[in-house]
1. Could you run through the range A:19-35 and say how many residues are surrounded by 12 or more Cβ atoms within 10 Å (Cβ to Cβ) and part of a loop (DSSP other than H, G, I, E, B)?
2. Which ones in the range B:77-95 are among the aromatic types (Phe, Trp, Tyr) and assigned to a loop (DSSP other than H, G, I, E, B)?
3. Checking A:Leu45 against (1) buried (at least 20 other Cβ atoms within 10 Å of the Cβ); (2) in contact (Cβ under 8 Å) with a residue 40 or more places away in the chain: exactly one of these is not met. Which one?
4. Restricting the search to the range B:37-57, which residues are outside any strand (DSSP E or B) and either in contact (Cβ under 8 Å) with a residue 24 or more places away in the chain or more than 10 Å from every other protein chain (Cβ to nearest Cβ) (or both)?
5. Kindly provide the set of residues from the range A:72-89 that are in contact (Cβ under 8 Å) with a residue 60 or more places away in the chain and part of a strand (DSSP E or B), ordered by number.
6. Quick one: which residue in B:Gly15, B:Gly31 is on the phi > 0 side of the Ramachandran plot and surrounded by 14 or more Cβ atoms within 10 Å (Cβ to Cβ)?
7. What are the residues in the range B:91-103 that are more than 19 Å from A:Tyr49 (Cα to Cα) and more than 7 Å from every other protein chain (Cβ to nearest Cβ), if any?
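None of the figures in this text is laboratory data; all of them are computed from the coordinates on show. None of these values were measured; they are calculated from a predicted model. All Cβ positions, even for glycine, are placed from backbone atoms using ideal geometry, and neighbour counts span all protein chains on display.
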Amino acid sequence: DAMVIQNPRYQVTQFGKPVTLSCSQTLNHNVMYWYQQKSSQAPKLLFHYYDKDFNNEADTPDNFQSRRPNTSFCFLDIRSPGLGDAAMYLCATSREGEATDTQYFGPGTRLTVL
Amino acid sequence: GQNIDQPTEMTATEGAIVQINCTYQTSGFNGLFWYQQHAGEAPTFLSYNVLDGLEEKGRFSSFLSRSKGYSYLLLKELQMKDSASYLCAVRDGDYKLSFGAGTTVTVRA
């Protein structure tokens, strides 16, 4: 059974048209992450939630926002997508407090900007 | 900042062994992870090292030397399905991971 679910798997939007990507988890993990991954590059952390606390990476553009209404769900909002925002967006979760705990990734949403 | 280096590409023959090296320079260290990522899919967890030495899991093994800032992932008895990108990631002291760019392994018949 899928543990980290992302919808949609593929998203096409127009330049400047807001888009929302969603992530849900059944693991009851307290930390949720959003990564951006471009072709042949490392996943780049955009931000994460530790419980309800939002943590933005210093170089994440203001164009990217996130919401976590409850433990299970997290959303990535791109307010005005540009061509450079076309990428795979990965959601991941982890349970902190256990040293060996790893991050579990969802299948990703591939965003195309026209 | 974090610096994690791994080779861009490697090619090997089915049934052979391949070793993927990873070197890192990070502000802290609280474990090193290896992930496998097939094209267009999410990374999946392979292994975790926090102490020096070798961790073996079936056909996959991972080694860590903290003093050298070095790890490798060893893939034995290669199968066609092992063709993928392999990502080295370091947890730098809290819970966030910093990833290398990945090594694309191509397995040929």
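1. Count: 4.
2. Matches in the range B:77-95: B:Tyr95 only.
3. (2)
4. Once the filter is applied, which keeps residues that are outside any strand (DSSP E or B) and either in contact (Cβ under 8 Å) with a residue 24 or more places away in the chain or more than 10 Å from every other protein chain (Cβ to nearest Cβ) (or both), the range B:37-57 yields B:His38, B:Ala39, B:Pro43, B:Leu51, B:Asp52.
5. Of everything in the range A:72-89, those that are in contact (Cβ under 8 Å) with a residue 60 or more places away in the chain and part of a strand (DSSP E or B) turn out to be A:Ile78, A:Tyr89.
6. B:Gly31
7. Listed by number, the list holds a single entry, B:Thr103.
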